[in-house]
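Visitor: The structure that follows is given in the form of structure tokens.
Bear in mind that the values in this text are calculations on the coordinates, not laboratory data. What you see is a predicted model, and the numbers here were worked out from it, not measured in a lab. Virtual Cβ from ideal backbone geometry, glycine too; neighbours counted across all protein chains shown.
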Amino acid sequence: AQKVTQTQTSISVVEKTTVTMDCVYETRDSSYFLFWYKQTASGEIVFLIRQDSYKKENATVGHYSLNFQKPKSSIGLIITATQIEDSAVYFCAMREGTGGYKVVFGSGTRLLVSP
Amino acid sequence: EAGVTQSPRYAVLQEGQAVSFWCDPISGHDTLYWYQQPRDQGPQLLVYFRDEAVIDNSQLPSDRFSAVRPKGTNSTLKIQSAKQGDTATYLCASSFGTGGSQNTLYFGAGTRLSVL
């Protein structure tokens, strides 16, 4: 069964610095999709960035990028030049390539960006 | 484009009472998900649909929870006899099953349920 694990419960950084959040996953599929979502203080959950398992290049969107290490089943989220408004809970998620459209989430990492 | 709409936003019940949550997905999205998010935890999948068909409801407590999506558009999640352990936010999400943006979930604002 697919599983996503985020071991970092919370991270605190000073604004304008770079932060990396870890995520490891388990799957038997050779094809899968990995996602990062952000949940703000209001509870809103928004999609940030995605990595398809067959792509070797790390995805980048704005100041978000991914560190995809397939042999380690790892997909880290990197936020560069952090801003106060990046303070939120970040979830890693996965969908396997076969067997339906089930998307499972990790437990989340709370990021606090301070001045 | 309208987002995913959920109602009500909040619900407070006594144990044993019933409650229904309603979700209107983004127009054209064929896949709809219901997640339960306890406080300070990640979303946990309860059930998901492709069009009107239930694809996976293995995590739905079937003795008290039920979910339907009769026309492949709106969906209702119902708790027959709520327990204190059901206290959580219930999230609805939708996505396209195919296409360039496939698999990206779009979430509603959620329904925050408190069972006293």
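Visitor: Toward the positive end of the charge dipole of the protein assembly as shown, about the Cα centre and with charges on Cβ (Lys, Arg +1; Asp, Glu -1), which of A:Val14, B:Trp22, A:Ile45 goes farthest?
Guide: Farthest towards the positive end: A:Val14.
Visitor: May I pose another question? What translational D, rounded to a whole number of µm²/s, comes out for the stretch B:26-105 from Stokes-Einstein when the hydrodynamic radius is the Kirkwood one over Cα pairs, at 20 °C and 1.002 mPa s? Spell out each step's value before the answer.
Guide: Working: Rh = 13.2 Å.
For the chosen part, D equals 163 µm²/s.
Visitor: So for chain A, averaging the separation of alpha carbon pairs under 8 Å that are six or more residues apart and normalising by length, what relative contact order in percent results?
Guide: Numbers: 291 pairs, mean separation 43.2, N = 115.
Relative contact order comes out at 38 percent.
Visitor: So what is the orientation-averaged projected area of chain A, using the convex hull of its C-alpha atoms, in nm²?
Guide: Values: hull surface 27.4 nm².
With every direction weighted equally, the projected area is 6.9 nm².
Visitor: Exposure proxy check: B:His29, A:His63 ranked by fewest other beta carbons within 10 Å?
Guide: Result, fewest neighbours first: A:His63, B:His29.
Visitor: Now for a different question. Using a 10 Å cut-off on Cβ to Cβ distances, tally the other chain neighbours for every residue of B:88-95 and report the average as a whole number. Could the numbers behind the result be given before it?
Guide: Values: counts 0, 2, 0, 3, 0, 4, 0, 4.
Average neighbour count from other chains, rounded to a whole number: 2.
Visitor: Express the relative contact order of the stretch B:13-109 as a whole percentage, based on alpha carbon pairs under 8 Å and six or more residues apart in sequence.
Guide: 36 percent
Visitor: Peptide A:43-55: average number of partner chain Cβ atoms within 10 Å per residue? Walk me through the numbers before you get to the answer.
Guide: Working: counts 8, 5, 12, 3, 8, 0, 0, 4, 0, 1, 0, 0, 0.
Neighbouring Cβ atoms belonging to other protein chains average 3 per residue here.
Visitor: Looking at chain A as a GNM with Cα springs under 10 Å, which of A:Thr60, A:Thr98, A:Thr82 has the largest mean-square fluctuation?
Guide: Maximum among the listed residues: A:Thr98.
Visitor: A follow-up question, please. Peptide A:100-113: average number of partner chain Cβ atoms within 10 Å per residue?
Guide: For this peptide, the per-residue mean of nearby foreign Cβ atoms is 5.
Visitor: Reported to two decimal places, what Rg/Rh ratio describes the protein assembly as shown when computed on Cα atoms with Rh from the Kirkwood expression?
Guide: Using Cα coordinates only, the ratio equals 0.97.
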